[in-house]
Amino acid sequence: MTGRCDSQKMAEQMKDAGFINITVTEYKMPLGPWPKDKRLRESGQYNLVGISEGLTGLSIRVFTQILGWSMEEMERLLTQVRAEWRKRNIHSYLPIWVVYGQKPPTKKSVG
């Protein structure tokens, strides 16, 4: 299931729970320090640190148990991945979706 499907499902769940004025907004979260905008560059740096620190945990099962790689082979590859992510000429980003809505007014608050 793609992110877009997940965001639409979340919007439907919010509607089913009684929320109104539900909005789904897509953003591009930079990965690394490449954006010119200061705020996006800082966000990209934090995003890069977070994903780099978690990369081993995200990869270990697939590479060692499913593909049969040794820990050393996997770490060599992940070191190269981290180095690529730090390059400013590679403009990677992650799509993120924000879903929000409003609680409907209660009868007590209306009137």
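Which of the residues belonging to the stretch 26-42 are open to solvent by less than 50 Å² (accessible area, probe 1.4 Å) and at pLDDT 95 or above?
Listed by number, the list holds a single entry, PRO30.
Is it fair to say LYS15 is among the charged types (D, E, K, R), at pLDDT 95 or above and either open to solvent by less than 80 Å² (accessible area, probe 1.4 Å) or under 30 Å from LYS103 (Cβ atoms) (or both)?
Spelling it out, LYS15 is indeed among the charged types (D, E, K, R), at pLDDT 95 or above and either open to solvent by less than 80 Å² (accessible area, probe 1.4 Å) or under 30 Å from LYS103 (Cβ atoms) (or both).
Select from the stretch 31-78 the residues that are within 30 Å of GLN102 (Cβ to Cβ) and touching a Leu at 6+ places or on another chain (Cβ under 9 Å) and list them in ascending order.
ASN47
Does the stretch 98-111 hold any residues that are in contact (Cβ under 8 Å) with a residue 24 or more places away in the chain and open to solvent by 70 Å² or more (accessible area, probe 1.4 Å), and which are they? Even if it seems obvious, please write down each step before you answer.
So the first thing to find is which residues in the stretch 98-111 are in contact (Cβ under 8 Å) with a residue 24 or more places away in the chain, and the list is 98-104.
If the condition is that a residue be in contact (Cβ under 8 Å) with a residue 24 or more places away in the chain and open to solvent by 70 Å² or more (accessible area, probe 1.4 Å), then TYR100, GLN102, LYS103 are the ones that fit.
Working only within the stretch 20-42, note down all residues that are more than 23 Å from ASP6 (Cα to Cα) and either among the polar types (S, T, N, Q) or touching a helix residue (DSSP H, G or I) at 6+ places or on another chain (Cβ under 6 Å) (or both).
To start, the set of residues in the stretch 20-42 that are more than 23 Å from ASP6 (Cα to Cα) comprises 32-42.
Hits for the stretch 20-42 are GLY32, PRO33, PRO35.
Among the polar types (S, T, N, Q), open to solvent by 50 Å² or more (accessible area, probe 1.4 Å) and over 20 Å from the mean Cα position of the chain (by Cα): is that true of GLN8 in this structure?
Criteria not met by GLN8.
Kindly list the number of the only condition in (1) modelled with pLDDT under 95; (2) part of a loop (DSSP other than H, G, I, E, B) that fails for SER7.
With (1) modelled with pLDDT under 95; (2) part of a loop (DSSP other than H, G, I, E, B) applied to SER7, the lone miss is (2).
Take the residues in the stretch 68-87 that are part of a loop (DSSP other than H, G, I, E, B) and surrounded by 11 or more Cβ atoms within 10 Å (Cβ to Cβ); name whichever of them is farthest from the chain's Cα centre (by Cα).
Of the residues in the stretch 68-87, the ones part of a loop (DSSP other than H, G, I, E, B) are 68-70, 87.
Now restrict to residues that are surrounded by 11 or more Cβ atoms within 10 Å (Cβ to Cβ): 69, 87.
Details: TRP69: 27, LYS87: 20 Å.
Checked the stretch 68-87; the qualifying residue farthest from the chain's Cα centre (by Cα) is TRP69.
Name the residues in the stretch 54-66 that are among the aliphatic types (A, V, I, L, M) and more than 21 Å from TRP85 (Cβ to Cβ), would you?
The one that is among the aliphatic types (A, V, I, L, M) and more than 21 Å from TRP85 (Cβ to Cβ): ILE66.
For the stretch 16-34, how many residues are touching a residue at least 40 places away in the same chain (Cβ under 8 Å) and outside any strand (DSSP E or B)?
Total meeting the criteria: 5.
The values are calculated or read from the model by the stated rules, or taken from the named source; none is laboratory data. These figures come from a predicted structure and were not determined experimentally. Please note: Cβ atoms are built from the backbone with ideal geometry, for glycine as well, and neighbour counts cover all protein chains shown. Surface areas here come from the heavy atoms of the whole protein model, side chains and all, with no ligands, DNA or RNA. Shrake-Rupley method; radii C 1.70, N 1.55, O 1.52, S 1.80 Å.
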